[in-house]
Amino acid sequence: MEIKNSFIDKTNPTFFKKHQNALYKSLEDKHTTVDVEEDPLGTRMVLNMGPQHPATHGVLRLLLELDGERILRNRLDIGYLHRGVEKIAENKTYQEFMPYTDRMDYLSPYSNNVALCTAVEKIAEIEIPERAKYIRMIGCELARISSHLLYLGAMVMDTGAISFFIWTFRERERLYDIFDNFGGHRFTISHSRIGGVHNDLSPTCIDMIREFTKSFPNEIRDWRKLLNKNRIFYDRNLNVGQISHKDAVAYGLTGPNLRAVGIPYDMRKFSPYLRYDDVEFDVPTRLEGDNLARYFIRMEEMSESIRIINQCLDKLPKGPIRTDDAKKTYPSKDEVYYSMEGMIHDFMMTDTGVCPPEGVECYHAIEAPKGELGFYIQSDGTGHPWRMKINAPSFTNLQGLEKILDGQMIADTVVLIGGVDPVMGESDK
């Protein structure tokens with residue numbers, strides 16, 4: 001397929017010559033069925049957006065071929081935040097790697113912690129206490145709300161409502177205060193431990209969570225009253241960035257982006273972990289597959305998260321928060337400070353860590369706020385993985401973003417990026 005672009009050739013050939021051939025070749029490979037007409041008037045241009053851009057939700061670079069104000073074709077360029085965490089994991093013990101997961105999807109670090117812990121516990125055959133399972137579920141659902149709040153505030157701000165961003169961040173600040181009491185840190189919490197959790201919930205923390213779950217539904221109600229019938233917000237998202245059921249599956253969309261086309265795929269229902277099979281909740285779906293549908297899905301998911309948290313608090317059993325096996329988890333600080341055996345076990349867990357059987361491999365995934373987050377581990381019998389691969393939902397969703405952007409207006413680019421809600425920390429890994 002021959003592509004001509006007289007605008008680029010005539011105006012600044014030196015600047016574009018380096019990138020033009022590679023860009024068009026990649027666009028041809030991705031869209032072989034697109035009928036691209038010649039451009040005799042030279043009205044088309046290639047726009048380079050990002051990676052240093054205040055509205056791309058991270059270091060994301062987009063190459064957009066424009067015909068006037070409409071995107072003909074596009075190509076995403078990722079990898080600018082690459083930190084090599086998968087290779088770092090192979091040189092750390094499983095527990096030492098825990099803080100690195102916080103820096104992947106840094107908008108919901110607790111979910112990342114739980115995803116790693118459950119994968120290691122699966123390959124090492126570690127059973128955690130019931131109380132720890134419910135505490136993890138509470139933390140994961142609070143993290144889901146926190147992540148969706150940033151999506152909501154940023155996406156609505158992209159449509160022009162700047163003050164709404166401050167409104168959602170007021171609720172995130174309340175969640176940060178809860179996490180501070182929950183695990184001793186507001187943001188990168190690292191509260192989960194292989195074999196359980198670091199500390200129990202204090203009565204003060206439980207009261208803070210109950211107060212939040214009581215008042216937060218009123219905020220959701222007010223947001224719906226403000227946005228659902230707001231003509232500017234509604235028109236900016238209705239029928240914008242539509243993707244079909246077939247394409248969503250083909251491009252590997254996951255999470256709310258997949259459920260917005262009518263597929264009720266949720267790891268909490270599809271492959272229950274922790275105690276999600278013991279609580280009642282619905283999986284919201286829509287059929288439209290546009291940016292407005294993705295908004296409705298996340299709004300409903302926050303309400304369902306409140307429902308799950310309340311059930312977890314009601315069902316929260318008494319008992320230990322870590323497994324009672326010195327070879328599989330860290331001892332409590334009381335044991336470390338006041339017994340020689342506890343100090344030895346703490347040292348051995350730090351030096352060697354959990355050692356799954358040699359030659360065993362496993363994959364385990366959870367339903368993170370952005371979709372299926374899975375860890376694949378191969379063990380060589382030592383305290384660190386021989387191989388670890390991460391199935392990050394932002395990476396798979398960005399594949400679909402290329403399809404979503406085709407044919408859209410340039411003014412909707414940032415709104416659509418916010419609607420897909422990627423985080424480059426886990427995309428680039």
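Rule-based calculations on the coordinates, nothing more; no lab input. Remember, predicted model here, so these are calculated numbers, not experimental data. Every residue, glycine as well, gets a Cβ built from its backbone with ideal geometry; the counts of neighbours run over all protein chains shown.
Using r as the Cβ-Cβ distance of residue 287 and residue 327, and R0 as 51 Å, what FRET efficiency do you calculate, to the nearest 0.05? Each step should come with its number before you reach the end.
On the way: r = 51 Å, r/R0 = 0.99.
Calculated transfer efficiency: 0.50.
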Inset, instruction - Note the listed values (1) 148; (2) 130; (3) 161, then indicate which one is volume of the Cα convex hull per residue in Å³ calculated from this particular structure. - result: (1)
Inset, instruction - Run the numbers on the stretch 79-223 and let me know its relative contact order in percent, using alpha-carbon pairs under 8 Å that are six or more apart. - result: 25 percent
Legend entry - For a label point 7 Å along the Cα-to-beta-carbon line of residue 204, residues of the stretch 316-356 with backbone N under 20 Å: 333-334
Legend entry - Packing-based ranking, highest mean first, of 45-55, 221-231, 369-379, 397-407 given that Cβ atoms within 10 Å are counted: 369-379, 397-407, 45-55, 221-231
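So for 345, 148, fewest C-beta neighbours within 10 Å to most, what's the order? Intermediate values should be presented prior to the final figure.
Details: 345 19, 148 23.
Lowest count first: 345, 148.
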Inset, instruction - Given a cut-off of 18 Å, name the pairs among 133/328; 225/370; 122/327; 315/370 whose C-alpha atoms lie farther apart than that in the structure shown. - result: 225/370; 315/370
Legend entry - Angle between the chain longest axis and helix 340-351 axis [Cα atoms, degrees, rounded to 10]: 20 degrees
Inset, instruction - Between the alpha-carbon centers of the stretch 237-267 and the stretch 271-304, tell me the distance in whole angstrom. - result: 13 Å
Legend entry - Net charge, residue 404 excluded, C-beta distance under 11 Å - Lys, Arg +1, Asp, Glu -1: -3
Legend entry - J(HN,Hα) series, the stretch 152-165, from Karplus relation 6.51 cos²θ - 1.76 cosθ + 1.60, nearest Hz, glycine and proline x: 4, x, 6, 5, 5, 5, 5, 8, x, 8, 5, 5, 5, 4
Inset, instruction - Compute the FRET efficiency between residue 263 and residue 55 as 1/(1 + (r/R0)^6), taking r as their Cβ-Cβ distance and R0 = 35 Å, and round to the nearest 0.05. - result: 0.75
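For the stretch 88-137, what class follows from the C-alpha gyration tensor (a ≥ b ≥ c being the square roots of its eigenvalues): rounded when a/c is under 1.5, otherwise prolate if a/b is larger than b/c, else oblate? Show your work: numbers first, answer last.
Details: a/c = 2.78, a/b = 1.21, b/c = 2.29.
In terms of gyration-tensor shape, oblate.
Count the net charge of all other residues whose Cβ sits under 9 Å from the Cβ of residue 377, scoring Lys and Arg as +1 and Asp and Glu as -1.
Working: positive: 122, 387, 389; negative: 361.
In short, +2.
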Inset, instruction - For residue 187 and residue 230, compute 0.36 nm times the residue count separating them, minus their Cα-Cα distance, and round to one decimal in nm. - result: 12.2 nm
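Quickly rank 299-311, 88-100, 129-141 as a protection proxy: mean count of other C-beta atoms within 10 Å, highest first. Working shown, then result.
Numbers: 299-311: 20.2, 88-100: 18.5, 129-141: 24.1.
So the peptides 299-311, 88-100, 129-141, ranked by packing, come out 129-141, 299-311, 88-100.
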Legend entry - For residue 193, distant residues with modelled amide H under 5 Å away: 198
Legend entry - Rough spin-label spacing in nm, given labels placed 7 Å along Cα→Cβ, for residue 70 and residue 43: 0.9 nm
Inset, instruction - Compute the relative contact order of the chain as a whole-number percentage, counting only Cα pairs closer than 8 Å that sit 6 or more residues apart in sequence. - result: 24 percent
Legend entry - Crossing angle, helix 109-124 versus the chain [Cα axis fit, 0-90 degrees, rounded to tens]: 60 degrees
Inset, instruction - For residue 239 and residue 221, calculate 0.36 nm times their separation in residues minus their Cα-Cα distance, and state this gained length in nm to one decimal. - result: 4.1 nm
